[in-house]
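Before any comments, here is the structure.
Read-outs throughout are calculated quantities, based only on the coordinates presented, and are distinct from any laboratory measurement. Please read all numbers here as calculations on a predicted model, not as lab measurements. Cβ placement follows ideal geometry from the backbone for every residue including glycine, while neighbour counts extend to all protein chains displayed.
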Amino acid sequence: MLRLKNINTYYGQVHALRNVSLHLAKGEIVTLIGANGAGKTSLLNTLSAITPARSGEIHFQGEGIGTLPPDRIVELGISHVPEGRQVFKPLSVEDNLELGAYLRYRKKEKIAIRQDLEMIYELFPRLRERRKQMAGTLSGGEQQMLAIGRALMARPKLLLLDEPSMGLAPLVVQEIFRVIENLRREKGTTVLLVEQNAKAALALADRGYVLETGKMILEGVASELLENREVQRAYLGKEKKEIWER
Amino acid sequence: MDLLPQLTQYAFSGLSTGAIYALIGLGFAIIYNSTGIINFAQGEFVMLGGVLTHFFLMVLKFPLVVSMAVAILVATAIGVAFERLTIRPLKRPTPLSMVIITIGGSIFIRGVAMLIWGKDTHSLPPFSGNEPLVIAGATVMPQHLWIFGLTLLVIAANKYFFYYTISGKAMRACSYNRTAASLVGIDVRRMVFLSFAISSAMGAMAGIIIAPLTMTAYDVGVMLGLKGFCAAIIGGMSSGFGTVLGGLLLGLLESLGAGLISSGYKDAIAFIILLLILFIRPQGLFSKAQTERV
C-alpha cells in the first residue's frame, strides 16, 4: 500500500533521514520506534509533505506521491495526527472535527460528513459532551482523541500517528490504543504508529521498524522485536545485566 | 450652544468615522491573522474604492449602486493581483521583507492612481440626499446613518463567514496553526489569497461610504490606512469585536478631541493613542487572558 525507497530528508543543514526505506501492507499496524531525534517525526512529516524529501521515492497505492502538496496527500487518503496533538485551540471541538473533513465539504458530501461526526462521537463519547467547548480547554487525553477524530473525518486509508501516548495517563493510553485496534478491525485502516513507548507500541503492532539517528537499523515482526536483545536494552528500558543474566 | 447637544454631535460624527476605521482595521487584522503580514497597502484599497466609484459614476455615468459594486470588484481584483504578484512569488518570506513589499506596493498603487485620475479631490454624492436629520439635539447627515448601517452589515457578514462557514473556519484554523491546517488538507495559499480578497473588498467599501463626507483623492489612503492600523492595534489585531471597538473608540476620541481641544490635534490624537497602546498594552485593549491546557 505504501512504499518508501531511499528517502533523504533535510532540515536546513541537518540530514534527518538517511536512505530510509519502509513498506506497509493494507490493513497492517506498523510501528516505528526510536529515541528522541532519531527521525521518527521527520519520517511522518515527509510522508505528509510538511517537510518533503530531497531525494527518494514514495509510492502510495501504486502512485508516486513524493512531490504532491499536503492537501493532495490528504485527498488521496493519508491523514497525519501530528506530534503534540496540534488541535485548533480557539475553535470548538465540533469545528475541529468539521475541519478534518475540509476537503470533503468542497465535494458536497455534507450528509456523509454528519454521519462520520456521529461515528466519531460514538468512538469518543467525551468529545460529544464537550462539542461546544474550545479545543484548548480539553485535557491532554481529550485533545489526543480530538486530533485522532479530526484525522478520521477525512476517511483516511492510512493513518499516521505521532506519539499518541505522549504525556497521557496509562488508562487513557489504553483507551486510545484500543480505538486504533478497533479501527483496523472494523474499517481496515492501515496505521503507521510512531512511539517512544516501544513496549505498548510493539504489543499493538504487527511489525516494527527501529530508527536510529536517521537510519533504519532493524525491522521485523513485532513479537520478534520485543524479544530482540538490542531493542530490549535500548528501547524497552531493561538493564543490560537483566538481559544477559537471564 | 449647550454642551450636551454638542457632545452628541461629536459622538455621532466620531462614531461614524470610527466605523470606517473599524472596517479598515478589520482588513489589517484579517491579513495579519492569515499571513503574519501587516499590509501597509491596505489604505490604498480604501482610496481605490472612493476614486473608482467616482470614476464609474461621473466619467462612465453608471448608476451609483452599479458604480459602487464595480468599484469594489475592481479593487478586490487589484488586491488579489497584488498578493499573486508580490507576496506569493517570495521563496523565503520574512515578515520584514513582506512589510517592505506592502509599503512599496502602496506607493506604487498611489502613484498609478495619481497618473490616471490626477491630483484633484473628488466628491461623491451622498447616498440619500443632503437633508440633515435632527437626533437628540444633534444634526446628523443621512450619510452617517448609511455608514452605521453598512458597517454593521459588513461586520455581521464577516462574523457569519468566519464562524459559520467551512471556508471561514478554515481561515481561522490557518491563522492559529498553519501546519495543522495543512495536515487536514487546507491549502494555506488559498487562504492567504482569500484574506487579501476580503480585506481589499472591505477597504474599498469603507472608502466608498466615507467619500461623500470627506471627499476622495489619490492620497487619502495614507491617513485612513494608518487610522485603521491604529484601530487594529487597539483591538489587539483580532479580526472581530476588538478591532471594531478599537475603531469606534478611536473615532470618538478623535472627534471629541478635535471638538473640545483643537481640530489641529485630530490626527495627533490617533497616533498618541497608538503609541500609548504600544508602550503600555501591546496585546491590545480588549484581548483577554487565554485559558488553555496543553
Exercise. Sorted by average packing, counted as other Cβ atoms within 10 angstrom per residue and highest first, what order do A:198-205, B:222-229, B:142-149, B:131-138 take?
Worked result: B:222-229, A:198-205, B:142-149, B:131-138
For this session: Considering the options B:M58, B:P212, B:A180, tell which one lies farthest towards the positive end of the dipole of region B:11-257, charges being +1 on Lys and Arg and -1 on Asp and Glu at the Cβ, about the Cα centre.
Result: B:A180
Exercise. If you place +1 on the Cβ of every Lys and Arg, -1 on the Cβ of every Asp and Glu, and leave all else neutral, what size is the dipole of the protein assembly as shown about its Cα centre, to the nearest 20 Debye?
Worked result: 800
Exercise. Counting Lys and Arg as +1 and Asp and Glu as -1, each charge on the Cβ, what is the dipole of region B:1-148 about the Cα centre in debye, to the nearest 20?
Worked result: 700
For this session: Give the distance, in whole Å, between the Cα centre of region B:157-233 and the Cα centre of region B:1-49.
Result: 13
For this session: Output the pairs from A:K215/B:K91; A:K40/A:K199; B:K227/B:K266; A:K132/B:K159 with a Cα-Cα distance over 21 Å in this structure; if there are none, say none.
Result: A:K215/B:K91
Seminar exercise, completed: When the charge dipole of chain B is computed with +1 on Lys and Arg Cβ and -1 on Asp and Glu Cβ about the Cα centre, the Cα farthest towards its positive end, among B:G247, B:L85, B:G203, belongs to B:L85
Problem set entry | Furthest towards positive pole of dipole, A:S165, A:L76, A:A222, structure part chain A, Cβ charges | A:L76
Problem set entry | At least 30 Å along the helix axis (C-alpha) and Kyte average at least 0.5, DSSP helices within chain B | B:3-35, B:95-117, B:142-164, B:188-214
Exercise. Where both residues lie in the protein assembly as shown, what percent of DSSP beta bridges are antiparallel, nearest 5?
Worked result: 60
Problem set entry | Debye, to nearest 20: dipole size of chain A, +1 on Lys, Arg Cβ, -1 on Asp, Glu Cβ | 400
